[in-house]
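The values are calculated or read from the model by the stated rules, or taken from the named source; none is laboratory data. For clarity, every value in this text was computed on a predicted model and none was experimentally measured. Quick reminder, even Gly has a Cβ in these numbers, built from the backbone with ideal geometry, and neighbours come from all protein chains shown.
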Amino acid sequence: MSPLAPVAGAVTVRAPAKINLHLGVGAPRADGFHPLTTVYHALGLCDDVTATPAERWGVTMAVPDWIGTDALPADGDNLVDRAAALLAAHHGVPVHGLVSVAKAIPVAGGMAGGSADAAAALVALDRVWDLGTTDEDLLAIAAQLGSDVPFALVGGTAVGTGRGEVVEPVADHGTWWWVVVPSTEGLSTPAVYRHFDEMFPDAAPEPCGAEALLAALATRDPHRLADVLHNDLQLPAIDLRPDLGELIDRGQGVGALRGLVSGSGPTCVFLCESADHARSVAASLEQDHPLVLVANGPVAGAHLVEYA
Ligand code: C5P
């Protein structure tokens with residue numbers, strides 16, 4: 001997770017998008033967060049974060065046209081700034097350097113793109129600032145940044161508990177093929193959780209477990225996995241955005257094994273049998289949707305791809 005040797009030049013770290021193969025949500029805790037039992041899955045849609053040594057501090061985002069910039073947070077309020085501030089405070093060093101984020105993960109879509117950037121920034125700045133932060137400390141800092149950030153460090157397929165920040169990797173020897181359909185309009189995560197509370201005022205404190213999902217993963221059979229994909233936020237998300245229900249029906253109608261809202265949405269993902277099958281489902285969905293992606297998982301968490 002954390003690279004070892006210091007470098008003099010730029011460092012690029014790649015971090016993946018996530019989907020939730022299982023998302024069990026319990027009644028809200030005293031702190032307002034919901035207890036989760038989730039199975040995170042890292043998809044091969046990745047952002048690259050490059051940190052370059054410099055005396056001043058600056059963050060730039062390179063966002064391709066197909067993603068759009070509307071949903072990006074204003075300058076100074078993104079998770080990369082917060083990641084840098086926490087890492088620097090942990091070691092008592094000043095925040096400095098130039099960070100550029102090359103985005104390929106759909107923004108504000110329930111795929112934890114901002115969390116991926118934060119995780120990648122932690123790993124890149126740890127290297128550029130020559131801090132040698134332990135994995136344990138990096139995970140603790142990541143957990144302060146957001147519920148999904150520790151998973152972006154770990155990657156692969158992993159069980160998440162607590163509010164999602166306690167991450168335990170699981171063996172996943174399959175290669176699973178997904179069609180990913182982002183939405184042009186965002187959906188607020190807190191709003192979806194609030195709607196879950198409105199729709200399910202009697203939710204049990206304990207979220208439903210992921211045993212069936214983990215058993216299906218071990219079979220490496222996408223049909224078995226399709227049967228047990230589960231998301232407690234799907235009904236609230238669809239109630240807020242009925243078009244997502246229509247999209248899921250359409251994807252399943254053109255042959256996807258199963259469609260699912262990703263996390264709190266609005267991105268929807270469709271499990272397919274193979275790469276070819278995913279491409280054919282994607283081709284059908286492209287007729288009605290401006291952006292349809294094909295990706296496989298699991299892939300690695302935040303990792304160094306280049307340094308000067
Ligand atoms: O942890 P993170 O900053 O990603 O959470 C964003 C929002 O999502 C929280 O402020 C909260 O409203 C909701 N949330 C929740 N329970 C969780 C995770 C997130 O209610 N386990």
Can you tell me which residue in the range 219-239 is farthest from the chain's Cα centre (by Cα), limited to those that are under 22 Å from Pro35 (Cα atoms) and part of a helix (DSSP H, G or I)? Asp239
Gly209 - would you say it is within 21 Å of the chain's Cα centre (by Cα), surrounded by 16 or more Cβ atoms within 10 Å (Cβ to Cβ) and part of a loop (DSSP other than H, G, I, E, B)? no
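A quick yes/no check of all residues on (1) acidic (Asp, Glu); (2) in contact with a helix residue (DSSP H, G or I) (Cβ under 7 Å, 6 or more places away or on another chain); (3) modelled with pLDDT of 95 or more:
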residue: Val95; (1), (2), (3): no, yes, yes
residue: Leu98; (1), (2), (3): no, no, yes
residue: Ala102; (1), (2), (3): no, no, yes
residue: Pro106; (1), (2), (3): no, yes, no
residue: Ala116; (1), (2), (3): no, yes, yes
residue: Ala121; (1), (2), (3): no, yes, yes
residue: Leu125; (1), (2), (3): no, yes, yes
residue: Val128; (1), (2), (3): no, no, yes
residue: Thr134; (1), (2), (3): no, no, yes
Which of the residues spanning the range 47-69 are under 11 Å from Val101 (Cα atoms) and touching a residue at least 60 places away in the same chain (Cβ under 8 Å)? Asp47, Asp48, Val49, Thr50, Ala51
Taking only the range 165-186 into account, find how many residues are buried (at least 23 other Cβ atoms within 10 Å of the Cβ) and aliphatic (A, V, I, L, M). 4
Any residue in the range 153-172 that is farther than 20 Å from Ala215 by Cα sitting within a Cβ distance under 7 Å of a residue that is in a helix (DSSP H, G or I) and within 16 Å of the ligand (Cβ to nearest atom)? List the pairs, counting only those 6 or more apart or interchain. Leu153/Ala119; Leu153/Leu139; Leu153/Ala142; Glu165/Ala143; Glu165/Pro150
Taking Ala216 as the residue in question, decide whether it is free of Cβ contacts under 8 Å to residues at least 60 places away in the same chain, out of contact with any strand residue (DSSP E or B) (no Cβ under 7 Å at 6 or more places or on another chain) and either under 15 Å from Asn20 (Cα atoms) or in a loop (DSSP other than H, G, I, E, B) (or both). yes
Selection from the range 95-153 of residues of a type in the set (D, E, K, R), touching a Phe, Trp or Tyr at 6+ places or on another chain (Cβ under 9 Å) and closer than 18 Å to Glu165 by Cα yields Asp148
Only one of Gly259, Gly255, Gly245 that is in contact with a helix residue (DSSP H, G or I) (Cβ under 9 Å, 6 or more places away or on another chain), free of Cβ contacts under 8 Å to residues at least 24 places away in the same chain and not in a helix (DSSP H, G or I): Gly259
Selection within the range 225-267 - within 17 Å of Asp148 (Cβ to Cβ) and of a type in the set (D, E, K, R): Asp232
In the range 159-187, the residues that are under 30 Å from Ser280 (Cβ atoms) and either hydroxyl-bearing (Ser, Thr, Tyr) or within 16 Å of the ligand (Cβ to nearest atom) (or both): Thr175, Ser183, Thr184, Gly186, Leu187
Condition first: in contact with a strand residue (DSSP E or B) (Cβ under 7 Å, 6 or more places away or on another chain) and within 13 Å of the ligand (Cβ to nearest atom). Now tell me which residues in the range 118-139 satisfy that. Ala119
Count, please, the residues in the range 145-158 that happen to be more than 16 Å from the ligand (Cβ to nearest atom) and over 13 Å from the mean Cα position of the chain (by Cα). 0
Is it the case that Ala142 is away from the ligand (no atom under 16 Å from the Cβ) and within 17 Å of the chain's Cα centre (by Cα)? no
